[in-house]
Amino acid sequence: MAVLALSLGGCLSRGDVTGSIGLIGSRAAEPQAPTARGEAEWRAAAQDWGKRYEARPTDKQAALNYAQALRALDQRSQAVAVLQQAALHSPKDHEVLAAYGKALIDVGRFKEAEGVLARAHTPDKPDWRVLSAQGTVADQLGDHAAAQRYYLTALKIVPGEPSVLSNLGLSYALSKQPAEAERVLRQATAHPQADGRVKQNLALVLGLQGKMGEAEQVLAQSLPPSEVAANMAYLRQAAGRRS
């Protein structure tokens, strides 16, 4: 069951790392993965790419694909180990460094992730996904102003990207700017590619402002009635603690 929760816990995506406020039992807002796979498919992929990686640990693509499958299966520490070795073999490869930095976020090693992600792209060729991941790290470390700068820079590259807008909105919420958080999250949810998690983040911000009716309407767009009820109970409790 997806129960909304304010948290600065680890929040990794299967494909990118974003978000500062997540869901218990789910992920923070993120760009859509190229393909949606079930657990059985990810296990098969992990077995296949794992064999290729073991046969040739210096194979960059094998390492990246194996680590992606491990992350999808929540085998986070093992994914970090694989990508750490890949980064040692390819210390200047931006794709490897980006994946490694995101995997470090998975396991809560934020300061290390900060350093790795800083080397994962360059000012003349910025990567918006890396910028978003850097924003995640800054939020996790409590520097919300820096996080918001990263997200805004990413949005200059991909205007309107719902995953980045969602993370920006959540960062505003963390920095106690609820009205701005709501504005940005409404913009994110209006995007045709916004998924249920983006809508749930908006519901969270609405609920924490006491806008329970609107929050319930938003939740009903992406969750079954039983989960809507559970989340609304949480939101009322959380709003009561904040009042």
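Any read-out appearing in this document is the output of simple, stated calculations on the displayed coordinates, not a laboratory observation. All of these numbers come straight from a predicted model, not from anything done at the bench. For neighbour counting, all protein chains shown are included, and Cβ atoms are generated from backbone atoms with ideal geometry for every residue, glycine included.
Numbers below:
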| quantity | calculated |
| --- | --- |
| Computed label-point distance, nm, for sites D124 and L152 using a 7 Å Cα→Cβ extension | 2.6 |
| Length gained when the stretch A238-R183 is fully extended (0.36 nm per residue, less Cα-Cα span) | 17.7 nm |
| In range of the label at A55: residues from segment 61-85 whose backbone nitrogen is under 17 Å from the point 7 Å along Cα→Cβ | 61-67 |
| Dipole in debye (nearest 20) - segment 119-243, about Cα centre, beta carbon charges: Lys, Arg +1; Asp, Glu -1 | 180 |
| Of K92/K199; K92/K156; K102/K176; K51/K102; K60/K199, those spanning more than 31 Å from alpha-carbon to alpha-carbon | K92/K199; K60/K199 |
